[in-house]
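S.K.: Here it is, the structure in full.
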Amino acid sequence: MTSVPIGPDLFADSTEGPRLLGSRCEHCGVVTFPSQDGCPRCGAEPLVRHELARHGTLWTWTTQNFRPKAPYAGPGDERDFRPFVLGYVELGGEVRVEGHILAEPEDVKIGMPLETVVIPFREDESGRQVLTFAFAPSATAEPLT
Ligand SMILES: [Zn+2]
């Protein structure tokens, strides 16, 4: 099955696995995800492409107990929606990224180590598998070297 990313320039493969693609301000050092054209702190532009750390820690989280409204385009409909954990993950001490946490609520703890993964999300109109990023529990918050 052909697969396509859910958005352009959101993530890329690296030798250690998938990494999110953000942007960094060369003037003040702010890192953003997704990438932006201008710096939200100092207004400088353009920002440079910046690969985010693959590993991080859970900063805070909640559970998504109902199917989000449009433009959410996840699989299925109201009837087969399953609650999931949504969290902010601090990556490399640079930026906090919101995403799906691949763990059951009873297993989730603030500060737990997580790593970036790419998972199938849904099928598009052409029968292609749409891929998105998520965060999975990891043995370590730091990359293994
Ligand atoms: Zn800046």
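Coordinate-derived values only; no laboratory data. Note that the structure is a prediction, hence the values are computed from the model and not measured. So basically every Cβ, Gly included, is an ideal-geometry build from the backbone, and we count neighbours across all protein chains shown.
S.K.: Based on other C-beta atoms within 10 Å, arrange T57, T63 from fewest to most. Each step should come with its number before you reach the end.
M.R.: Numbers: T57 18, T63 13.
Neighbour counts put them in this order, fewest first: T63, T57.
S.K.: Counting other beta carbons within 10 Å of each residue's own, what order do I110, I101, I6 fall into, fewest first?
M.R.: Details: I110 11, I101 24, I6 15.
Lowest to highest Cβ neighbour count: I110, I6, I101.
S.K.: Further question: Along Cα→Cβ, 7 Å out, is where each label goes; now give me the distance between the ones at F66 and R96 in nm to one decimal.
M.R.: Distance between the two pseudo-spin positions: 2.5 nm.
S.K.: Next question. What GluC sites (Glu not before Pro) does the stretch 13-86 have in DSSP loop regions with at most 15 other beta carbons within 10 Å? List each step's numbers first, then the result.
M.R.: On the way: sites: E16, E26, E51, E78; in loops: E16, E26.
Within the stretch 13-86, the qualifying GluC sites (Glu not before Pro) (loop, at most 15 other Cβ atoms within 10 Å) are E16, E26.
S.K.: May I ask you to evaluate 6.51 cos²θ - 1.76 cosθ + 1.60, the Karplus curve with θ = phi - 60°, for each residue of the stretch 12-17 and list the ³J(HN,Hα) values in order in whole Hz, giving x for glycine and proline?
M.R.: 8, 6, 9, 5, 8, x
S.K.: Right, another one. Rounded to the nearest 0.05, what FRET efficiency do V4 and E45 give with R0 = 41 Å and r taken as the Cβ-Cβ distance? Could you check?
M.R.: Result of the calculation: an efficiency of 0.90.
S.K.: Please list the non-local residues whose amide H lies under 5 Å from the amide H of H50, H modeled 1.01 Å from N, same-chain partners needing a gap of 5 or more.
M.R.: The answer is G22, S23, R24.
S.K.: Continuing with the same structure: About the Cα centre, and with charges only on the beta carbon of Lys, Arg (+1) and Asp, Glu (-1), how big is the dipole of the chain? Nearest 20 debye, please. Don't jump to the answer; show the numbers that get you there.
M.R.: Values: 13 positive and 21 negative charges, 40 e Å.
Rounded to the nearest 20 debye, it is 200 debye.
S.K.: Taking the Cβ of each residue in F33, F84, F135 as the centre, tally the other Cβ atoms inside 10 Å and list the residues starting with the fewest. Kindly include the intermediate steps, with their values, before the conclusion.
M.R.: Values: F33 21, F84 16, F135 28.
Ordered by Cβ neighbours within 10 Å, fewest first: F84, F33, F135.
S.K.: Using Cα pairs closer than 8 Å and at least 6 residues apart in sequence, work out the relative contact order for the chain, in percent. Mind showing how you got there, number by number?
M.R.: Numbers: 312 pairs, mean separation 34.0, N = 145.
In percent, rounded to a whole number, it is 23.
S.K.: For the stretch 3-137, with equal point scatterers placed on the C-alpha atoms only and solvent neglected, what are the log10 I(q)/I(0) values from the Debye formula at q = 0.10, 0.20 1/Å, to two decimals?
M.R.: Taken in order of the listed q values, log10 I(q)/I(0) reads -0.36, -1.24.
S.K.: Just tell me the longest site-free run in the chain, where the sites are trypsin sites (Lys or Arg not before Pro) in a DSSP loop having at most 13 other beta-carbon atoms within 10 Å.
M.R.: Working: sites that count: R41, K69, K109, R128.
With a cap of 13 other Cβ atoms within 10 Å, the longest stretch comes to 1-40.
S.K.: So what are the ³J(HN,Hα) numbers for the stretch 24-33, from phi and the Karplus equation (6.51, -1.76, 1.60; θ = phi - 60°), rounded to whole Hz, Gly and Pro as x?
M.R.: Those phi angles translate into 10, 8, 6, 7, 10, x, 4, 10, 10, 8 Hz.
S.K.: If you plug each phi of the stretch 49-61 into the Karplus form 6.51 cos²θ - 1.76 cosθ + 1.60 with θ = phi - 60°, what whole-Hz ³J(HN,Hα) values come out, in order, with x for Gly and Pro?
M.R.: Whole-Hz 3J(HN,Hα) from phi for the stretch 49-61: 4, 9, 7, 7, 4, 6, 10, x, 10, 6, 8, 7, 7.
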